[in-house]
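See structure below.
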Amino acid sequence: MSSSPGVVLVLAGDPELGEQAERVVAAVGLRPVAVTAPLTRKTWSAAVAIVLDEEAARNCERHGMPRRDGVILISPTEPQAPVWAAAMAVGAQQVCVLPAQDAELIGYLSDAAEASREGTCPGRVVAVIGGRGGAGASTFATAVAQVAGSSLLVDLDPWSGGIDLLLGTESTPGLRWPDLSLRGGRLAWSAVRDALPSHHGVSVLSGARHGHEVEPGAVEAVVDAGRRGGTLVICDLPRRMTGAAACTLEGADLVVVITACDVRGVAATSALAPVLRGVNPNVGLVVRGPAPGGLRAAEAAEVADLPLLAAMRPEPMLAERVERGGLRVRRRSPLGVAARAVLSILPAGGQVRAA
């Protein structure tokens with residue numbers, strides 16, 4: 001006997017909007033349950049997803065409903081500031097205009113249903129980019145992946161020579177970007193994980209020794225698979241705004257900018273920061289020592305106008321260690337401490353805050 005479909009709570013003061021939402025929920029194969037009375041926390045948390053309008057969102061926020069995944073705010077018209085404010089107040093991850101964005105709502109509900117069946121919460125996506133060339137973005141992205149343990153490290157810099165060289169997995173069997181013929185679509189995380197080289201829990205999708213620019217649709221498919229699979233995805237971005245870099249920046253939960261603690265590095269970072277914030281407001285700064293002119297990390301963050309996530313002392317013998325078998329991050333090393341500081345802000349899922 002098949003199990004009954006998962007429950008999606010629909011809370012809408014507008015009857016027509018509520019009926020539209022219920023039709024979409026049913027189309028996904030889930031069971032819509034219209035709710036008007038105040039919810040219990042148990043009911044709120046047990047549902048596969050919550051679909052609600054602006055008024056209901058404000059009511060749920062007033063009743064102290066806890067933050068959870070799968071909360072989607074619906075609106076009959078293009079959302080204005082009050083709708084966005086209500087979405088933020090209740091912790092909604094998405095806002096959909098119905099019926100114009102029925103397809104988008106179907107996708108969000110399908111993701112929520114899949115996560116519920118697999119018993120996993122959606123993974124987070126961290127994009128790492130250098131404030132200027134040679135800032136150490138690839139090294140820091142690799143350090144975050146190693147400290148996280150179970151993670152997916154994605155190389156999106158066509159001119160890096162391959163991040164597998166940095167990790168020391170260049171001889172490990174598995175697929176690289178040139179081996180994949182993807183233009184988009186939905187992938188299963190288990191299939192992606194099994195196809196890629198892996199090292200101590202870090203799955204690596206690396207570039208090639210020659211330039212190989214990746215299609216944005218392929219990047220979206222791989223990153224989405226990792227996110228739906230509940231894993232942390234770390235993307236190493238080039239400073240040139242390729243299509244793949246732009247789509248990754250837009251969907252990242254956190255954008256980390258790495259800068260050296262010198263005048264040129266901070267100047268370049270302050271020029272890049274407004275561009276990044278124009279794509280994604282969740283941008284923070286990691287400052288890497290040494291500081292040859294005595295510049296402080298807090299001063300660098302103030303000049304760049306970015307929250308300071310971590311200040312990192314120089315990593316002893318880093319270049320020599322990488323050359324002799326790849327990067328291995330020690331727990332108490334400057335890289336390890338800074339990577340954990342960045343990872344510690346991810347569970348909040350909100351705006352980036354300074355360290």
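The values are calculated or read from the model by the stated rules, or taken from the named source; none is laboratory data. Because the structure is predicted, anything quoted here is derived from the model rather than measured. Please note: Cβ atoms are built from the backbone with ideal geometry, for glycine as well, and neighbour counts cover all protein chains shown.
Things worth noting here:
- For the range 206-225, the set of residues classified as in contact (Cβ under 8 Å) with a residue 40 or more places away in the chain and touching a Phe, Trp or Tyr at 6+ places or on another chain (Cβ under 6 Å) consists of GLY207, GLY211, HIS212, VAL214, listed by residue number.
This table checks each residue for (1) more than 15 Å from VAL256 (Cβ to Cβ); (2) β-branched (Val, Ile, Thr); (3) not in a loop (DSSP other than H, G, I, E, B).
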| site | (1), (2), (3) |
| --- | --- |
| LEU153 | no, no, yes |
| LEU166 | yes, no, yes |
| THR172 | yes, yes, no |
| SER181 | yes, no, no |
| LEU187 | yes, no, no |
| ALA191 | yes, no, yes |
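- Check on SER138, assigned by TED's automatic domain parsing to the domain that holds PRO197 and not basic (Lys, Arg): yes
- Top-ranked residue of the range 310-339 - restricted to ones that are more than 28 Å from the chain's Cα centre (by Cα) and of a type in the set (Gly, Ala, Ser), ranked as nearest to ALA260 (Cα to Cα): ALA319
- Evaluation of ALA271 against (1) without any contact (Cβ under 8 Å) to a residue 12 or more places away in the chain; (2) part of a loop (DSSP other than H, G, I, E, B) (one fails), failing number: (2)
- Residue within the range 245-256 that is part of a loop (DSSP other than H, G, I, E, B), of a type outside the set (Gly, Ala, Ser) and touching a Pro at 6+ places or on another chain (Cβ under 8 Å) present: no
- Subset of the range 11-27 [of a type outside the set (D, E, K, R) and under 18 Å from ALA92 (Cβ atoms)]: LEU11, ALA12, GLY13, LEU17, GLY18, GLN20, ALA21, VAL24, VAL25
- The lone exception for LEU309 - which of (1) among the hydrophobic types (A, V, I, L, M, F, W, C); (2) surrounded by fewer than 14 Cβ atoms within 10 Å (Cβ to Cβ); (3) in contact with a Gly (Cβ under 8 Å, 6 or more places away or on another chain) it fails: (2)
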